[in-house]
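To start, the structure under review is shown below, and the notes come after it.
The values are calculated or read from the model by the stated rules, or taken from the named source; none is laboratory data. Keep in mind that this is a model prediction, so the values were computed, not measured. Cβ placement follows ideal geometry from the backbone for every residue including glycine, while neighbour counts extend to all protein chains displayed.
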Amino acid sequence: MNLSDLMIEAVDIKKNGVVTNVEKKKNVTITKIDVSDKNIGEIGKYITIEFDDIMNKSIRKEVVSLLRELLDENGLKINSSILVVGLGNERSTPDSLGPLVIENIIVTRHLEVLGLNSNRVVSAIKPGVMGETGIETKDIIKGVIDKIKPDFLIVIDSLKSGSLKRLNKTIQLTDTGIHPGSGVANKREKLDKNTLGIPVIAIGVPTVCDIKTIINESVEVDNIENIPDMIITPKEIDFIVDKMSDLISICINKALYDV
């Protein structure tokens, strides 16, 4: 079975221990999955927003509302401080979503350090990837957390989908944290409340899938096992990642600052 980072593809929603609610409005489909059995998956909430067109203006409203809902449910207060982390490799377009989001996050912690008032203390980092730094991503983030002591962590990352229909047309929000690289079998240490000591809200977009997924959904093949393992992405990925990073950064800013 193809690996996927999307809970909507990884879990059987008919099983006990899974509660699902699906809502369709304004060309956006919202699926909420609550997992309560650790044998099924990571316990917590998963929200999947599916759409056909990234330029659909109603997406922004839904993502902001759902992100605020997830933050509030996990105890975000008006005076809570937040660290936003953009995971991924800036030099690889399909994996550059996280770092690109960080470029447009409104940061205010420096104002607080200077003694100026800010209505929300937010900081942001791009930790890079282990191949560049030689350091486990979790260790970099944990070091920053230990130093500046934020109350919340928001992480953004590119994901892998097991379905063509969700590729670049899906945003997943979850309060269970994230395993960077898990979808492409390059699993790094998990980022969650247990490993970092603070609530972790993860925002992900599937930007890649494997070639076997496309072949399975497009043509009949006698022996799929003979097909080599290859990760692919659409030719318009530059445009998609650019627009998606703008969308997510705007949604995070609006959710945190109500701007």
| Here are 36, 58, 4: which of them is closer than 21 Å to residue 193 by Cβ and of a type in the set (Ser, Thr, Tyr)? | 36
| task | Select from region 62-76 the residues that are touching a residue at least 40 places away in the same chain (Cβ under 8 Å), buried (at least 19 other Cβ atoms within 10 Å of the Cβ) and under 14 Å from residue 49 (Cα atoms) and list them in ascending order. | result | 63, 66, 67, 70
| said: Is it the case, given these coordinates, that residue 204 is within 27 Å of residue 134 (Cα to Cα), modelled with pLDDT of 95 or more, surrounded by 15 or more Cβ atoms within 10 Å (Cβ to Cβ) and not hydrophobic (A, V, I, L, M, F, W, C)? | reply: yes
| request: Please find, within region 145-168, the residue that is surrounded by the fewest Cβ atoms within 10 Å (Cβ to Cβ) out of those that are more than 12 Å from the chain's Cα centre (by Cα) and among the acidic types (Asp, Glu). | output: 146
| remark: Within region 44-79, of all residues that are among the basic types (Lys, Arg) and more than 17 Å from the chain's Cα centre (by Cα), the one modelled with the highest pLDDT is 61
| remark: Quick count over region 114-163, residues being among the small types (Gly, Ala, Ser), without any contact (Cβ under 8 Å) to a residue 12 or more places away in the chain and assigned to a loop (DSSP other than H, G, I, E, B), is 3
| task | Name every residue in region 40-91 that is in a helix (DSSP H, G or I) and among the β-branched types (Val, Ile, Thr), in order of residue number. | result | 59, 63, 64
| field | Failed item, numbered, when residue 157 is tested on (1) farther than 21 Å from residue 247 by Cβ; (2) touching a Gly at 6+ places or on another chain (Cβ under 8 Å) | value | (1)
